[in-house]
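In what follows, a single structure is set out as structure tokens and then discussed.
The values are calculated or read from the model by the stated rules, or taken from the named source; none is laboratory data. Keep in mind the model is a prediction, meaning the values are calculated, not measured. Note that each Cβ is placed from the backbone with ideal geometry, even for glycine, and that neighbours are counted across all protein chains shown. When the accessible area is computed, the model is the full protein with side chains, heavy atoms only, and any ligands, DNA or RNA have been set aside. Shrake-Rupley method; radii C 1.70, N 1.55, O 1.52, S 1.80 Å.
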Amino acid sequence: MQQTALITGATSGIGKATAQLFAKNNINLIICGRRIEKLQKLQQELSVFTKVHILQFDVRYNEEVQNAINSLPSDFKQIDILINNAGNAHGLDSIQNGNIDDWDAMIDGNVKGLLYVSKAVIPQMVERNNGFILNIGSIAGKEVYPNGNVYCASKFAVNALNKGMRIDLNQHNIRVCAIHPGLVETEFSEVRFKGDSEKAKTVYQGYKALQPEDIADIIHFVVTRPYHVNIEDLIVYPTAQASATIVNKNA
């Protein structure tokens with residue numbers, strides 16, 4: 001039977017690349033994001049391959065999340081695969097100089113948003129005794145780096161929530177996995193540096209960063225393993241990266 005995947009943060013980067021790959025592999029899609037024009041454009045692009053439904057909401061607001069998912073038409077109600085991809089980084093300040101609005105944005109998006117969406121989807125998976133939840137973490141959830149404080153804390157929380165989900169949902173036959181990428185060339189740095197595209201470009205200069213399509217390929221591999229196989233935790237670096245802070249920019 002054809003599966004349906006819900007992908008948050010689907011308008012760019014890893015989420016968009018995953019939606020594109022899933023569509024070409026005959027997986028029905030619920031693509032979610034805040035930017036309606038980008039959602040509509042992606043829906044038009046992917047509808048030639050599979051059935052696509054769009055949901056516009058901000059994961060930071062539980063009421064928006066619940067209303068959006070409750071509004072799904074009958075042929076999209078059953079969600080087989082949940083990709084918790086939406087997230088953000090704001091600022092790169094020391095803890096003493098941190099901006100509280102930036103802290104709130106990261107905690108609300110990366111932690112609470114993941115929880116809100118999961119809470120809306122998990123009950124149907126429990127009822128069916130079947131489902132796959134894939135959480136996009138970060139190397140920042142495995143090691144802390146200078147000025148990464150709250151962003152790292154939010155991604156450590158994703159790592160912990162992933163493990164907690166897997167334990168709690170084990171009795172319900174639900175697979176749970178996290179993928180923790182290193183440097184991926186997306187809008188991530190532009191958001192972190194508040195639209196300073198020139199500064200953002202320097203993050204990816206001098207080496208070959210991971211591309212969104214690289215992570216999408218891994219996501220597709222993970223979710224298509226035989227059901228008795230659960231790849232529960234993956235760290236993915238570009239070859240030029242050895243840790244959160246060590247990058248060979250002459251690679």
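Considered as a group, the residues in the stretch 166-197 that are over 30 Å from residue 128 (Cβ atoms) and among the basic types (Lys, Arg) include one that is least open to solvent (accessible area, probe 1.4 Å), and that residue is 192. Considering the stretch 214-224 alone, what residues qualify as being touching a residue at least 60 places away in the same chain (Cβ under 8 Å), surrounded by 15 or more Cβ atoms within 10 Å (Cβ to Cβ) and closer than 16 Å to residue 239 by Cβ? Answer for the stretch 214-224, where residues must be touching a residue at least 60 places away in the same chain (Cβ under 8 Å), surrounded by 15 or more Cβ atoms within 10 Å (Cβ to Cβ) and closer than 16 Å to residue 239 by Cβ: just 215. Only residues that are within 30 Å of residue 80 (Cβ to Cβ), among the hydrophobic types (A, V, I, L, M, F, W, C) and either open to solvent by 70 Å² or more (accessible area, probe 1.4 Å) or free of Cβ contacts under 8 Å to residues at least 60 places away in the same chain (or both) were counted across the stretch 115-148, and they come to 6. Residue 163 meets all of the listed conditions (1) surrounded by 17 or more Cβ atoms within 10 Å (Cβ to Cβ); (2) farther than 21 Å from residue 14 by Cα but one, namely (1). Tell me, yes or no, whether the stretch 95-110 has at least one residue that is within 20 Å of the chain's Cα centre (by Cα) and within 21 Å of residue 231 (Cα to Cα). There is no residue in the stretch 95-110 that is within 20 Å of the chain's Cα centre (by Cα) and within 21 Å of residue 231 (Cα to Cα). Put simply, of 36, 69, 31 the only residue that is closer than 19 Å to residue 220 by Cβ, open to solvent by less than 70 Å² (accessible area, probe 1.4 Å) and among the hydrophobic types (A, V, I, L, M, F, W, C) is 31. I'd like to know if the stretch 42-49 contains one or more residues that are open to solvent by 80 Å² or more (accessible area, probe 1.4 Å), closer than 29 Å to residue 230 by Cβ and at pLDDT 95 or above. The answer is yes, given that some residue of the stretch 42-49 is open to solvent by 80 Å² or more (accessible area, probe 1.4 Å), closer than 29 Å to residue 230 by Cβ and at pLDDT 95 or above.
Any residue in the stretch 192-212 that is part of a helix (DSSP H, G or I) and at pLDDT 95 or above? Yes: one or more hits.
Testing residue 63 on (1) without any contact (Cβ under 8 Å) to a residue 24 or more places away in the chain; (2) charged (D, E, K, R); (3) touching a strand residue (DSSP E or B) at 6+ places or on another chain (Cβ under 7 Å), one condition comes back false. Which one is that? Here residue 63 meets the rest and fails (3). Kindly indicate whether any position in the stretch 16-25 is open to solvent by 50 Å² or more (accessible area, probe 1.4 Å), basic (Lys, Arg) and touching a Gly at 6+ places or on another chain (Cβ under 9 Å). The answer is yes, given that some residue of the stretch 16-25 is open to solvent by 50 Å² or more (accessible area, probe 1.4 Å), basic (Lys, Arg) and touching a Gly at 6+ places or on another chain (Cβ under 9 Å).
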